[in-house]
Amino acid sequence: MNIYNSSNFLFLLYILKIIITLILLGSSVLLIISLMIKCARAIVINSESDTSKLSKEIYRRLIAAVILFLIPGFVNMVLDLVVTDGNETLTRIFANANMDYIKERREEEKLEKQVKKEQQHQEAVQKLEDEKQNNGTGGTKYASKIEYRTQYIDGNFCGSYTIRDLACGPTSLTMMVATFANPNIQVSDMTDYICNNRSILNYTIGSGIGEWVLDNKTLLDHFNISGERIFTTNGTLVDYDDNRGQEVLKAVQEGYGVILHVEGHYVVVGQNSSCKQNEVYLYDPAPLNESKLGCATIEEAVRKASNRDSSVHKNAKWKGAYKYTAK
């Protein structure tokens, strides 16, 4: 952006113009007052010598006044002839230094900043898309979009329970594997592995998948993905805090898929080209309605995922977050 057309620069010029105007007006007023005093003195004294001096003084001061008012215009004219900035002369820059134009520029600059942010975000998304690296199993090292899976399917979870009722954690892990390693994996593949290896994973039937499974090396190695915890509260439900939210947002912007552990539920957040720079896309494996999916800030995502019952869980609360990518 041209600095000479920025609102801040023009505002400084606007203040300078006011100061110059005040100086000119003040000088003119002082000049008039001094002449009035001279005239009054000459009338009171009624002296020919004083009258003669007054005439000379008025003549000199009139010349001074003319010069005073002509100097700024003369300076601008000279600058206009010798100093240019592209097609915009210095005179026009000074002319633009008014509050109406400055307000217009401020609004334009806000829009320009927003457009620039959006462009940077789109460029980052495109860069991730361009830098996709095949890891030998059909997945990508980093992702600009998560492969979605739903737990609203038929099937048992370890015999006594259903995928629909209890498999939000395995479904979230399935999204990570589908995105970064094996796009053909199904939720039942994940639930079968967890159930068949529950002793290794320290999983108790009916308890729901525990946090310790989310970064279990045996599970991650089996499905050829890499994962690590961003933070954990070791099962304690706490209010959302922005410091941890920024860590999650950074991981998503870097191309990781992230599983959030909220109150009684697991969800995935990741990139999506439809989202703004400070937003992620919420991939809820069991959305109560369509509003539970889509772009949101981290705090909004946690709140939506936590709000499983309209009578409770109205605040954004969580227990941990984990990020994933291909090995």
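The values are calculated or read from the model by the stated rules, or taken from the named source; none is laboratory data. In this text, all values refer to a predicted model and were calculated from it rather than measured experimentally. In this analysis, Cβ positions are derived from the backbone assuming ideal geometry, glycine residues included, and neighbour counts consider all displayed protein chains.
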Residue in the range 10-50 that is modelled with the lowest pLDDT, counting only those that are in contact with a Leu (Cβ under 7 Å, 6 or more places away or on another chain) and over 30 Å from residue 95 (Cα atoms): 42
Test: residue in the range 271-280 that is under 24 Å from residue 304 (Cα atoms), among the β-branched types (Val, Ile, Thr) and in contact (Cβ under 8 Å) with a residue 24 or more places away in the chain: yes
One residue from 218, 204 being free of Cβ contacts under 8 Å to residues at least 12 places away in the same chain and either under 18 Å from residue 189 (Cα atoms) or outside any helix (DSSP H, G or I) (or both): 204
Condition check for residue 258: part of a strand (DSSP E or B) and touching a Pro at 6+ places or on another chain (Cβ under 8 Å): no
The range 186-201 - residue that is part of a helix (DSSP H, G or I) and over 15 Å from residue 162 (Cβ atoms) and, of those, modelled with the highest pLDDT: 189
Qualifying residues in the range 146-202 (those that are on the phi < 0 side of the Ramachandran plot and touching a Cys at 6+ places or on another chain (Cβ under 8 Å)) - the one surrounded by the most Cβ atoms within 10 Å (Cβ to Cβ): 191
